[in-house]
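Novice: Just dropping this structure here.
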Amino acid sequence: MDEFNFYNSENDGYRGGFGGYVDPEPVMPNTPFSTGGMRPPKKKRRGAAKAVALVLACAIAGGGAGVGGAYLYNRAAVPANTTTIYEEDRPQVRTVVNTNNGQPMTPEQLYAANLASCVGITVNTTVNIFGQTTTSAASGSGFVLSQDGYIATNYHVIESAVNDSSVTIQVSFANGDKYDAKLVGGEKDNDVAVLKIEATGLTRVTLGDSDKLVVGEAVYAIGNPLGELTYSLTDGIVSALDRLITTGENGDNTTLNVLQTNCAINPGNSGGPLFDSYGNVIGITTAKYTQSSSGVNAEGLGFALPINDVKDILADIIEHGYVTGKPYMGVQVSDVSSEAQRYGVTAGAAVSYVAEGSCAQKAGLKVNDIITAIDDTAIDSSSALTAALSTGYKAGDTATLTVIRDQKELKLSITFDEKNAETEGRNQLQQNQQQQQQPSQGNGGYYYQWPFGNMFPW
């Protein structure tokens, strides 16, 4: 069994496996995946593709705040020579750059200044196995965004609570304080989430500028490795910038832009802050490298989300409960299988469902159409459609779809809807009603005559 599969066991509700990373021009995986909110890379990537296995840095919980952490928490104080520069961005997620009078902090100063802002996150899941009710806990890390209790973490840390009201979340501070947390919202495509606790007067982190990072720069992580070694400080450097890693398994993949560090990042560190030497959060620790299937047991290969990539996402979640501006077509599509292509069916994203009232219906898109391009971007699969939408368009944009219908090419103009709870919920309801009304229909129609791949909604 691969090492990373352990973290997806029944004792841990988190998504556990990474498919690999790509360190060149972006290469999309063959299976459909959702990247609706993924921000386009800021810098061009070059190099040869490499396949590795990674794991999300989450863990089975083993305890609360340790005595040593609580003791240091009570001693924590911002060094006297610390100064800050405030840049008003968006509510709760504004940049607050700590300059420390131009002098890097010592590790002792950095830890003391930020310990009160770091939290442990425990997610409790109750399941019924053969009539017996059991509760399992899994842990991650997070950090305080605002004085009134907004907490940032990774989506995969709290994923089991997204659609299950029986799952509870608890936030712990190093001084022993514990709070029940409410999930404000999460963004799976970028692996970020926001929690809210009922508290005031909290010490928030300072958010730095990850675009100014350089390889070789010193960085520090504070987190809860293994869910037991709480509030641990590890140090290292920025090993590389703009890596692309592909997360997920069973076709449920997401591509993330991350920075690489040799800070020790282990299960339980997920969602915790990565600091620059001035005490600013410049990343959210997310994953580490492992590839036990090939005998590779590498160390010093950790990954974090650059804070600049997720600031607006966090602000959107706080303000709206979801990420605004994501494009939505209101269709369900699938890959055209290689077998179908051998019989002359064009490769592309095959439409199997069009929601009533959606922008796709208004554009004239129909079931059995095959989307082969958006504007000048070729589409040869459902994942290519996903990638093109997420990196090149936002809600309200207008594009030209190239469509194959009855072996003829058509051009359709479409203005994208916004992907949110209302549009997704309405479309899902329509699909459920359609399935109930047609439970016994045969496999008639062009779509069912050809074997397509896994379906994917957009």
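Novice: Going by the conditions given, is residue 380 surrounded by 14 or more Cβ atoms within 10 Å (Cβ to Cβ) and at pLDDT 80 or above?
Specialist: Taking the combined requirement at face value, the residue satisfies it.
Novice: What pairs can you find where one residue is in segment 222-233 and outside the structural domain of residue 287 (by TED's automatic domain parsing), the other is polar (S, T, N, Q), and their Cβ atoms are less than 6 Å apart, with a gap of 6+ or different chains?
Specialist: Listed by first residue and then by second, the contacts come to nothing, as the list is empty.
Novice: Among the residues of segment 189-211, which ones are buried (at least 19 other Cβ atoms within 10 Å of the Cβ), out of contact with any helix residue (DSSP H, G or I) (no Cβ under 9 Å at 6 or more places or on another chain) and at pLDDT below 95?
Specialist: Within segment 189-211, no residue meets the criteria.
Novice: Outside any strand (DSSP E or B), under 21 Å from the mean Cα position of the chain (by Cα) and crowded, with 24+ Cβ neighbours inside 10 Å: is that true of residue 186 in this structure?
Specialist: Considered against the rule, which asks whether it is outside any strand (DSSP E or B), under 21 Å from the mean Cα position of the chain (by Cα) and crowded, with 24+ Cβ neighbours inside 10 Å, residue 186 comes out as no.
Okay, residues lined up against (1) in contact with a strand residue (DSSP E or B) (Cβ under 6 Å, 6 or more places away or on another chain); (2) in a helix (DSSP H, G or I):
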{"position": "362", "(1), (2)": "no, yes"}
{"position": "365", "(1), (2)": "yes, no"}
{"position": "373", "(1), (2)": "yes, no"}
{"position": "386", "(1), (2)": "no, yes"}
{"position": "409", "(1), (2)": "no, no"}
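Novice: Exactly one condition in (1) part of a loop (DSSP other than H, G, I, E, B); (2) surrounded by fewer than 23 Cβ atoms within 10 Å (Cβ to Cβ) is false for residue 323; which is it?
Specialist: (2)
Novice: What is the one condition in (1) modelled with pLDDT under 95; (2) touching a Leu at 6+ places or on another chain (Cβ under 6 Å) that residue 105 does not satisfy?
Specialist: (2)
Novice: Looking at 231, 179 in this structure, which one is at pLDDT below 95, within 20 Å of residue 123 (Cβ to Cβ) and of a type in the set (Phe, Trp, Tyr)?
Specialist: That would be 231, the only listed residue that is at pLDDT below 95, within 20 Å of residue 123 (Cβ to Cβ) and of a type in the set (Phe, Trp, Tyr).
Novice: Do we find a residue being assigned to a helix (DSSP H, G or I) and charged (D, E, K, R) anywhere in segment 223-238?
Specialist: no
Novice: Can we say residue 134 is assigned by TED's automatic domain parsing to the domain that holds residue 234, modelled with pLDDT under 95, more than 21 Å from the chain's Cα centre (by Cα) and surrounded by fewer than 21 Cβ atoms within 10 Å (Cβ to Cβ)?
Specialist: Working: assigned by TED's automatic domain parsing to the domain that holds residue 234: yes; modelled with pLDDT under 95: yes; more than 21 Å from the chain's Cα centre (by Cα): yes; surrounded by fewer than 21 Cβ atoms within 10 Å (Cβ to Cβ): yes.
Considered against the rule, which asks whether it is assigned by TED's automatic domain parsing to the domain that holds residue 234, modelled with pLDDT under 95, more than 21 Å from the chain's Cα centre (by Cα) and surrounded by fewer than 21 Cβ atoms within 10 Å (Cβ to Cβ), residue 134 comes out as yes.
The values are calculated or read from the model by the stated rules, or taken from the named source; none is laboratory data. Note that the structure is predicted; figures quoted are calculated from it, not measured. Neighbour counts are summed over all protein chains in view; Cβ atoms, including those assigned to glycine, are modelled from backbone coordinates with ideal geometry.
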